[in-house]
Amino acid sequence: MDAFSPTPPDWTQAATHVFNFACPHCGASNREASHVWLNRRSPVYGSDLQRKWQEFYQCSCNCAWWAWSTDRPPSNLSTSILPETHPDGSDLNP
């Protein structure tokens, strides 16, 4: 299954909208989902003009749920803040 496929999988039809970015049935996080599909073809713009889209998840307990991409909690997997660099590649803060 392709998470970026333009056609939604059948299991998304029964998905429940959640607000805490976890399975409403068993409480598993989105990282534990067995299937993922992102509805990137229909972005929505909030009042702050920030783009968001629907993220659909099918949990290992077989429950389908979705949430807005802007509701996703910050990841502890992101890299640390990179040093600022000048356009020529040199460090601005040596």
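Numbers for the structure displayed
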item: Selection status of residue 67, at pLDDT 85 or above, of a type in the set (A, V, I, L, M) and within 16 Å of residue 8 (Cα to Cα); result: yes
item: Matching residues, segment 12-32, being closer than 13 Å to residue 60 by Cβ and either among the β-branched types (Val, Ile, Thr) or part of a helix (DSSP H, G or I) (or both); result: 30, 31, 32
item: Residue check for residue 28: at pLDDT 90 or above, touching a Ser or Thr at 6+ places or on another chain (Cβ under 6 Å) and over 24 Å from residue 7 (Cβ atoms); result: no
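Rundown of residues vs (1) surrounded by fewer than 16 Cβ atoms within 10 Å (Cβ to Cβ); (2) more than 26 Å from residue 76 (Cβ to Cβ); (3) not small (Gly, Ala, Ser), yes/no style:
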site: 2; (1), (2), (3): yes, yes, yes
site: 5; (1), (2), (3): yes, yes, no
site: 47; (1), (2), (3): yes, yes, no
site: 63; (1), (2), (3): no, no, yes
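The values are calculated or read from the model by the stated rules, or taken from the named source; none is laboratory data. In this text the structure is predicted, and so the values were computed from the model without any measurement. Every residue, glycine as well, gets a Cβ built from its backbone with ideal geometry; the counts of neighbours run over all protein chains shown.
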